[in-house]
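Structure record follows, encoded as structure tokens.
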Amino acid sequence: MFKRIFFALLIVFMLVFFGEKTNALENKKNVVLKINGETFRFKTNSETIKEFFIEQNIEYDKNDCINHELSDELSSDNLIEIKKKFNKKISIDGIEKEILVQYDDAVSSIIEKLNKKYNKNFVCKFNINTKIQDIRALRLLSKQLKNIEREEIIDFNLKINYTNKMVLGEEKIIQDGVVGKKVICEEILLLTNKEVGKKVVSQKIVVQPRDKIILKGTHKKKYSGEYKQAFVMNATAYTAGYESTGKKPGDVAYGITSTGSKVCFGTVAVDPSFIKLGSKLYVEGYGSAIASDTGGAIKGNKIDLYYDRLADAKKFGRRELVVYLLD
């Protein structure tokens with residue numbers, strides 16, 4: 001009888017004990033914990049997150065980022081995420097420093113914080129969206145853009161014009177060249193105060209250049225002697241007679257030049273402002289001559305050649321020829 005009562009009580013005790021145990025297991029909460037992206041799963045009877053951390057000996061620091069308050073109640077299927085911070089060595093303008101970062105910090109967020117801290121604009125060789133945990137060594141360089149202005153000379157162009165009014169080999173400057181000037185604005189790229197690149201952002205011409213113009217002769221010369229200067233001149237011919245001078249034999253100053261000499265072959269009339277009176281000349285197709293006369297129609301590069309006979313003067317007509325100044 002006693003044995004039956006004992007076994008009955010034992011069975012009741014076991015049913016109660018294991019029933020409570022089963023209920024305790026059934027009442028445990030499922031908790032998912034992520035630490036720096038790594039996932040862990042737990043069952044717990046803890047009421048709060050803080051109790052759960054104590055129960056599971058989970059270490060955390062005040063700098064760590066937790067997605068809940070420690071006093072928050074736990075419920076089934078809770079997701080707790082801890083992003084732990086750590087010291088990362090980086091190079092800032094060549095100086096090694098340690099900064100506190102999270103494992104999933106992007107380079108962009110680190111640069112943004114350091115820009116504010118140092119009042120600079122840092123850059124690096126990595127994609128700024130790269131996670132810091134994926135970078136072994138981070139090297140930051142301070143970037144500066146500086147605009148400078150400089151002046152630059154603009155060379156003038158040389159233009160050459162050709163004329164048969166001048167002897168081949170002769171040349172004359174018609175217009176002097178003038179160099180121009182422009183102001184160039186450049187943007188200089190500096191990394192850690194060292195220039196690494198530049199580009200032109202604007203240009204402005206402040207002085208326009210002016211071409212230099214040279215006139216070169218193409219008229220082939222036939223005189224091989226020495227001379228000081230050569231001119232391509234418009235030549236006519238005259239005599240001492242009435243047809244050329246309006247004077248007749250017996251008239252005062254008939255056959256006398258403006259310089260007072262008697263006309264003869266080799267006498268030529270010139271414009272004294274172009275060729276000085278008394279100059280020795282050589283005239284192509286005519287020969288040696290002296291500039292000893294003038295004429296009302298003889299201006300500039302015109303020359304009048306004396307002939308004894310009217311027929312010869314008429315035959316000469318008008319020609320363009322080279323006159324060489326010998327002295």
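Residue-wise HN-Hα couplings along the stretch 255-267, as the Karplus relation 6.51 cos²θ - 1.76 cosθ + 1.60 with θ = phi - 60° gives them from phi, are x, 10, 6, 5, 8, x, 8, 7, 5, 7, 4, x, 7 Hz; Gly and Pro carry x.
In terms of other Cβ atoms within 10 Å, ILE173, ILE82, ILE95 run from fewest to most in the order ILE95, ILE173, ILE82. Summing charges over all other residues whose Cβ lies under 13 Å from the Cβ of SER273, with Lys and Arg as +1 and Asp and Glu as -1, gives +2.
Shown is the FRET efficiency for ARG309 and ILE213, computed with R0 = 45 Å from the Cβ-Cβ distance and rounded to the nearest 0.05: 0.50.
Of all beta bridges DSSP finds with both residues in the chain, what is the antiparallel percent, to the nearest 5?
75 percent
Quick one: of LYS84/LYS117; LYS172/LYS222; LYS84/LYS120; LYS120/LYS182; LYS228/LYS276; LYS88/LYS143, which pairs are farther than 24 Å apart, Cα to Cα? Those over the limit are LYS84/LYS120; LYS120/LYS182. This structure gives volume of the Cα convex hull per residue in Å³, computed directly, and of (1) 180; (2) 158; (3) 269 that value is listed as (3). Extension gain, LYS181 to ASP93, is 27.8 nm, computed as 0.36 nm per intervening residue step minus the present C-alpha separation. Across the stretch 113-130, rounded Karplus estimates of 3J(HN,Hα) from the backbone phi angles (6.51 cos²θ - 1.76 cosθ + 1.60, θ = phi - 60°) give 5, 6, 4, 5, 5, 9, 6, 9, 10, 8, 9, 8, 7, 7, 4, 5, 8, 5 Hz, Gly and Pro being marked x. Annotation for the stretch 231-304 versus the stretch 60-101: alpha-carbon center distance of 112 Å. Where only DSSP H runs of four or more residues are counted, the chain gives -5000 deg cm²/dmol as its mean residue ellipticity at 222 nm, each run worth -39500 (n - 2.57). Between GLU149 and ASN161, the distance separating the two model label sites (each 7 Å from Cα on the Cα→Cβ line) works out to 3.7 nm. Per-residue 3J(HN,Hα) values for the stretch 29-43, derived from phi via the Karplus relation 6.51 cos²θ - 1.76 cosθ + 1.60 with θ = phi - 60°, read 8, 8, 10, 9, 10, 10, 10, 6, x, 8, 9, 10, 10, 9, 10 Hz in sequence order (x marks Gly and Pro). Amide hydrogen proximity for ILE154: with H placed 1.01 Å from N in the peptide plane, the residues at 5 or more positions away or on another chain lying under 5 Å are GLY180, LYS181, LYS182. With 0.36 nm allotted per residue and the present C-alpha distance subtracted, the ILE66-VAL201 stretch has 43.7 nm of extension available. Taken about its Cα centre, the stretch 85-146 carries a charge dipole of about 200 debye when Lys and Arg each add +1 at the Cβ and Asp and Glu each add -1 at the Cβ.
Taking Cα atoms only, the orientation of helix 2-27 departs from the longest principal axis of the chain by about 10 degrees. Amide H to amide H distances under 5 Å link THR48 with LEU74, where only residues 5 or more positions off or on other chains count and H is placed in the peptide plane.
We did not get these values from a lab; they are worked out from the coordinates using the rules stated. Values in this document were obtained by computation on a predicted structure and should not be read as measured data. Counting neighbours? That spans all protein chains shown, and the Cβs are built from the backbone with ideal geometry, glycine included.
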